[in-house]
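No value in this document is a laboratory result; all are computed from the given coordinates. Nothing here was measured: the structure is a model prediction, and the numbers come from that model. No Cβ is skipped: glycine too gets one built from the backbone with ideal geometry, and neighbour counts run over all protein chains shown.
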Amino acid sequence: YKRITTKTLVDMKKKGEKISMLTAYDFTMAKIVDGSGVDVILVGDSASNVMAGHETTLPITLDQMIYHASSVVRAIERSLVVVDIPFGSYQSDPKEALRSAIRIMKESGGHAVKLEGGKEIKESVKRILNAGIPVMGHLGLTPQSIYKFGTYTVRAKEDAEAEKLKADAKLLEKIGCFAIVLEKVPAKLAAEVAKELTIPIIGIGAGNGVDGQVLVTHDMVGMTHEFNPRFLRRYLDLYAEMTGAFKKYIDDVKSGDFPSDKEQY
Ligand code: KIV
Ligand code: NA
């Protein structure tokens, strides 16, 4: 695929081709991720944790999300760029939700938005879709509601919650979402949802029976290292690599080894 669109993703599901998705919040990282051939880049509100050091995703603002997203968009050539609408800029009413989505599309150049929730935000999702803005859903563990649940543990383990999740997923498909992220739910449930829906289900901690996977890039390359959930596969230990490089640099500066004759004018 030359350029990934929301339609490409639905076609990929039809063909049984899995979808790869990673986060990026800045130009330099987005260039590497896009250049590697990842299908979808998520400008996640996890930037609140990863970039700004907040404990939750709640504090990040719409302006900050637009700054991150516009930096990402300038770097990409192929990936579809999905931007999280942050907490507090869509929950009040559908008009506010649409205004926020429009700001993201106009000011960042992103290709789609993502919102957390099902039935509760149905009217907002409809309104955004009616304006021609593609929407990705997000069900299961929804970090913007952390204070309602109190923990980041696995969601929808009980039947009632699993049924609500299934109903929400079907509703999001019915009103026109092009994909749904399922975060931290039992693999069996996620596989059932993926099987019953025609739009792609992208999992994080949702097992292998879904249509694609997403991870936070800084976690999977090991730049962060305090966060160790079971679902996280680390492909690099950049924390150690970078610490080693910084220590070497410090030594070289202190010893006078850097810069050498060749590294000066
Ligand atoms: O903000 C984020 O990074 C996300 C993914 C974990 C799906 O929403
Ligand atoms: Na998010």
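Pick out, from ILE102, ILE199, THR153, the residue whose Cα sits farthest towards the positive end of the charge dipole of the chain, with +1 on the Cβ of Lys and Arg and -1 on the Cβ of Asp and Glu.
Projecting each Cα onto the dipole axis, the largest value belongs to ILE199.
Using the 10 angstrom Cβ neighbour count as an exposure proxy, how do HIS111, HIS225 rank, fewest first? Please report the intermediate quantities before stating the final value.
Values: HIS111 22, HIS225 14.
Ordered by Cβ neighbours within 10 Å, fewest first: HIS225, HIS111.
Tell me, what is the percent relative contact order of the chain, built from C-alpha pairs under 8 Å that lie six or more residues apart?
Working: 500 pairs, mean separation 41.1, N = 265.
Across the chain, relative contact order equals 16 percent.
How big is the dipole moment of segment 31-97 about its Cα centre under a simple scheme where the beta carbon of each Lys and Arg is +1, that of each Asp and Glu is -1, and everything else is neutral? Debye, nearest 20, please. Intermediate values should be presented prior to the final figure.
Values: 4 positive and 9 negative charges, 46 e Å.
The calculation lands at about 220 debye.
Let me spell out the model: positive unit charges on the Cβ of Lys and Arg, negative unit charges on the Cβ of Asp and Glu, origin at the Cα centre of the chain. What dipole size does that give, in debye rounded to 20? Kindly include the intermediate steps, with their values, before the conclusion.
Values: 36 positive and 35 negative charges, 200 e Å.
Charge dipole of the chain: 960 debye, to the nearest 20.
If you line up the long axis of helix 62-73 against the longest principal axis of the chain, both from Cα atoms, how many degrees apart are they, to the nearest 10?
Result, in degrees: 70.
If I fit a long axis through the Cα atoms of helix 6-15 and take the longest principal axis of the Cα atoms of the chain, what angle between them do I get, 0 to 90°, rounded to 10?
80 degrees
When a footprinting reagent is the concern and you count Cβ atoms within 10 Å, what order do ASP237, ASP251, ASP168, ASP45 take, fewest first? Numbers along the way, then the final one.
Working: ASP237 14, ASP251 11, ASP168 21, ASP45 29.
Arranged by neighbour count, lowest to highest, ASP237, ASP251, ASP168, ASP45 become ASP251, ASP237, ASP168, ASP45.
With just the Cα atoms defining each centre, how far is segment 187-255 from segment 111-131? Give it in Å.
Each part reduced to its Cα centre gives a spacing of 27 Å.
In vacuum, with every alpha carbon of the chain counted as one equal point scatterer, what does the Debye formula give for log10 I(q)/I(0) at q = 0.08, 0.09, 0.13, 0.16 Å⁻¹? Two decimals, please.
-0.33, -0.42, -0.82, -1.23
Taking Cα atoms, how many degrees apart are the long axis of helix 159-175 and the longest axis of the chain, rounded to 10 and kept between 0 and 90?
90 degrees
Just want the ordering: VAL185, VAL10, VAL81, from fewest to most Cβ atoms lying within 10 Å of their own Cβ. Please list the in-between numbers first.
Details: VAL185 25, VAL10 16, VAL81 22.
So the residues, fewest neighbours to most, are VAL10, VAL81, VAL185.
Run lengths n ≥ 4 of DSSP H only: what is the helix-derived mean residue ellipticity at 222 nm for the chain, with -39500 (n - 2.57) per run over all residues, to the nearest 500?
Numbers: 11 runs with 112 residues, N = 265.
Theoretical 222 nm ellipticity from helices: -12500 deg cm²/dmol.
Quick one: of LYS95/LYS195; LYS164/LYS184; LYS18/LYS119; LYS106/LYS170; LYS2/LYS188, which pairs are farther than 23 Å apart, Cα to Cα?
Numbers: LYS95/LYS195 33 Å; LYS164/LYS184 15 Å; LYS18/LYS119 27 Å; LYS106/LYS170 29 Å; LYS2/LYS188 34 Å.
Beyond 23 Å: LYS95/LYS195; LYS18/LYS119; LYS106/LYS170; LYS2/LYS188.
What is the log10 of I(q)/I(0) for segment 60-164, computed with the Debye formula using one identical point scatterer on each Cα and no solvent, at q = 0.12, 0.19, 0.20 Å⁻¹?
Calculated log10 I(q)/I(0) at the listed q: -0.43, -0.96, -1.03.
Distances over 21 Å make up what percent of all Cα-Cα pairs in segment 23-95? If you can, show how the numbers build up before the last one.
Details: 689 of 2628 pairs.
The calculated P(r) of segment 23-95 puts 26 percent of pairs beyond 21 Å.
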